[in-house]
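Provided herewith is a single structure, encoded as structure tokens, for subsequent inquiry.
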Amino acid sequence: MNPDWKKMGGLLPAVVQDAADGKVLMVGYMDRAALAKTNKTGKVTFYSRSKKRLWTKGESSGNFLELVSVAVDCDADALLIRARPQGPTCHSGAATCFDEPLDFLKQLDALVADRFKKRPKGSYVSRLIEEGVDRMAQKVGEEAVETVIASKNKDRDVLLGEAADLLFHLTVLLRARGSSLGDAAEILRRRNAPKK
């Protein structure tokens, strides 16, 4: 099916999806020229409504979107672009323009795993690794108690700060024991799956 360029004044919304995992990365607009350039160069190009010109995602940052495929929706008035991101997609530095706070936990888990592998000097995680599992467990206990105490007060920011510290130290402890936050989340997913 061909895009219906007349329907929306020559511009169609283009939803960009990560070809690897299906995550929505961003939404932009394309005209005929943007789609033609995308197909020709293999780099996703949009029409900028504010600059009134074509712009290739990554032209200034280097974080290009490598084209995998283009699909037109059933009404021919929207495009689905499957791409491979070459770095963060969002101008904020986030992986996607729809990044949710919980997505950062995956990034944190990956960062902690990398620290275990490389053990860079000056890293707090490296220091905890050197101090051992007992120290990591102690930190989880301390942060858990501080989270409980903070929950009894009315200061939301203090509670959230302590909860963040607890999640961080729990991530480190799980990694030290050969597991991850993802492994714990999978247990929760299975526990909450519909009973057959």
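For Lys106, work out the one condition from (1) surrounded by fewer than 17 Cβ atoms within 10 Å (Cβ to Cβ); (2) at pLDDT 95 or above it doesn't fulfil.
Condition (2) is where Lys106 drops out.
Could you say whether any residue in the stretch 89-110 is touching a residue at least 40 places away in the same chain (Cβ under 8 Å) and among the aromatic types (Phe, Trp, Tyr)?
Filtering the stretch 89-110 for residues touching a residue at least 40 places away in the same chain (Cβ under 8 Å) gives 89-90, 95-98, 105-106, 108-109.
In the following step, the residues that additionally are among the aromatic types (Phe, Trp, Tyr) were identified as 98.
Within the stretch 89-110 (the criterion being touching a residue at least 40 places away in the same chain (Cβ under 8 Å) and among the aromatic types (Phe, Trp, Tyr)), the answer is yes, since at least one residue qualifies.
Moving to a separate point now. Within the stretch 32-48, is even one residue closer than 23 Å to Met1 by Cα, in contact with a Pro (Cβ under 8 Å, 6 or more places away or on another chain) and of a type in the set (Phe, Trp, Tyr)?
No: the stretch 32-48 contains no residue that is closer than 23 Å to Met1 by Cα, in contact with a Pro (Cβ under 8 Å, 6 or more places away or on another chain) and of a type in the set (Phe, Trp, Tyr).
The rows are residues; the columns are (1) closer than 23 Å to Leu102 by Cβ; (2) in the same structural domain as Lys106 (by TED's automatic domain parsing); (3) not hydroxyl-bearing (Ser, Thr, Tyr).
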position: Lys118; (1), (2), (3): no, yes, yes
position: Ile129; (1), (2), (3): no, yes, yes
position: Ser151; (1), (2), (3): yes, yes, no
position: Leu160; (1), (2), (3): yes, yes, yes
position: Asp165; (1), (2), (3): yes, yes, yes
position: Leu174; (1), (2), (3): yes, yes, yes
position: Ser180; (1), (2), (3): yes, yes, no
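Would it be correct to say that Phe64 is over 26 Å from Leu108 (Cα atoms) and buried (at least 16 other Cβ atoms within 10 Å of the Cβ)?
So Phe64 fails the test.
Select from the stretch 73-98 the residues that are surrounded by 15 or more Cβ atoms within 10 Å (Cβ to Cβ), among the polar types (S, T, N, Q) and more than 11 Å from the chain's Cα centre (by Cα) and list them in ascending order.
Answer for the stretch 73-98, where residues must be surrounded by 15 or more Cβ atoms within 10 Å (Cβ to Cβ), among the polar types (S, T, N, Q) and more than 11 Å from the chain's Cα centre (by Cα): just Gln86.
While we're on this one: Conditions first: (1) loosely packed, with under 15 Cβ neighbours inside 10 Å; (2) charged (D, E, K, R); (3) in contact with a Phe, Trp or Tyr (Cβ under 9 Å, 6 or more places away or on another chain). Arg115 passes all but one, so which condition is the exception?
With (1) loosely packed, with under 15 Cβ neighbours inside 10 Å; (2) charged (D, E, K, R); (3) in contact with a Phe, Trp or Tyr (Cβ under 9 Å, 6 or more places away or on another chain) applied to Arg115, the lone miss is (1).
The values are calculated or read from the model by the stated rules, or taken from the named source; none is laboratory data. On a predicted model such as this, the values are computed, not experimentally measured, just so you know. Positions of Cβ are backbone-derived with ideal geometry, glycine not excepted, and every protein chain shown enters the neighbour counts.
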